[in-house]
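Enquirer: Take this structure, written in structure tokens, and hold onto it; I'll ask about it next.
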Amino acid sequence: MQIDFAAKELTVKLVYYGPALSGKTSNLRAIHWLGTSNACGELMTLETQNDRTLFFDMLPITVSSGSGLKVRLKLFTVPGQVMHNATRRLVLQGTDGVAFIADSQRSEADANRESFLNLKCNLEENGIDPERIPTIIQFNKRDMASIRTDEELELIAQRSREPIYKAVATRGYGVMQTLRGLIRDTWAKLEGDHQLEDKFGISPIRFMTEVEAKLKHDPGPGGR
Ligand SMILES: Nc1nc2c(ncn2[C@@H]2O[C@H](COP(=O)(O)OP(=O)(O)OP(=O)(O)O)[C@@H](O)[C@H]2O)c(=O)[nH]1
Ligand SMILES: [Mg+2]
């Protein structure tokens, strides 16, 4: 989190992490088309051919906080391909919360696991405690064949500390719910660490009401 008193802005960094092709860039694209235009700025993407992110994507979202400060949420994606580890580590620097985008296909279970371990490793390398950083997990690609069933995800949810969300990012299904969950958990942690309500008059309830209003659109499982 960064505060710029001259610009009256508080910036929160959120990173979408996960294995190659799990749908991180697709999540940001969907947020960009589903979010209200007065909240979402331009989506910056940097891709090679075949949908592979080379460096990162970034989408800024602005939310008024009911106090003198504007809150800017900066959403980043990392490149999932194994060879881009140095970039992933760099993008993770100073992050306030992480959305781990897992691929629901059974064939991708190992890739998910490896990427999750890689996330923990890179957080530690950046001096961020993986046990304390707000993290949520999204199982994306719920529309595909040979995926882990809802019952299996229930079991994973019972065993894991991280909340689990389901999505079809290409259709927008579940992306806003995931993002709101990530913002809610991240804000609760920032409030606990920095007492934003006492210091800056930002009420967490008022802030989340703003977030809900600006990022509310959720197409059903069939998508848009
Ligand atoms: N069927 C289906 N395809 C999806 C879904 N989400 C993403 N895709 C497709 O999966 C491919 C990869 O999606 P991206 O969003 O580019 O994946 P990424 O995680 O950003 O990949 P890297 O940048 O390489 O790390 C694209 O062809 C998407 O259209 C989904 O929910 N369902
Ligand atoms: Mg990408």
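Enquirer: Given N residues in the stretch 76-125, what is its alpha carbon radius of gyration divided by 2.2 N^0.38 Å?
Expert: For the stretch 76-125, the normalised Cα radius of gyration is 1.12.
Enquirer: If you don't mind, another one. Volume per residue, Å³, of the convex hull around the alpha-carbon atoms of the stretch 2-214?
Expert: 124
Enquirer: In degrees, nearest 10, range 0 to 90: what is the angle between the Cα axis of helix 109-125 and the longest Cα principal axis of the chain?
Expert: Roughly 40 degrees between the two axes.
Enquirer: Of the listed pairs K120/K214; K8/K216; K13/K166, which have alpha-carbon separations greater than 29 Å here? Provide the component values of the computation, followed by the final result.
Expert: Values: K120/K214 31 Å; K8/K216 25 Å; K13/K166 22 Å.
Exceeds cut-off: K120/K214.
Enquirer: Could you check the simple spin-label distance between H194 and M144, using points 7 Å along Cα→Cβ, in nm with one decimal?
Expert: For H194 paired with M144, the spin-label model returns 3.6 nm.
Enquirer: Output the 0 to 90 degree angle, nearest 10, between the alpha-carbon long axis of helix 175-194 and the longest principal axis computed from the alpha carbons of the chain.
Expert: Compared with the principal axis, the helix lies near 50 degrees.
Enquirer: Right, another one. Would you calculate, for the chain, the mean residue ellipticity at 222 nm contributed by helices, counting each DSSP H stretch of 4 or more residues as -39,500 (n - 2.57) and dividing by all residues, to the nearest 500?
Expert: Calculated from helices alone, the mean residue ellipticity at 222 nm is -11500 deg cm²/dmol.
Enquirer: Restricting to the chain, compute how many DSSP beta bridges are antiparallel as a %, nearest 5.
Expert: Looking only at bridges with both residues in the chain, the antiparallel portion is about 45 percent.
Enquirer: Here is a further query. Starting with the highest mean, order 90-97, 175-182, 126-133, 209-216 by the number of other Cβ atoms within 10 Å, averaged over the residues of each peptide.
Expert: The peptides rank, most packed first, as 175-182, 90-97, 209-216, 126-133.
Enquirer: For the stretch 1-143, what's the relative contact order in percent, using C-alpha pairs closer than 8 Å and at least 6 residues apart?
Expert: 29
Values in this text are rule-based calculations from the coordinates and carry no lab data. Just so it is clear, the model here is predicted, and its values are computed rather than measured. With ideal geometry, Cβ positions are generated from the backbone for all residues, glycine too; neighbour counts draw on all protein chains shown.
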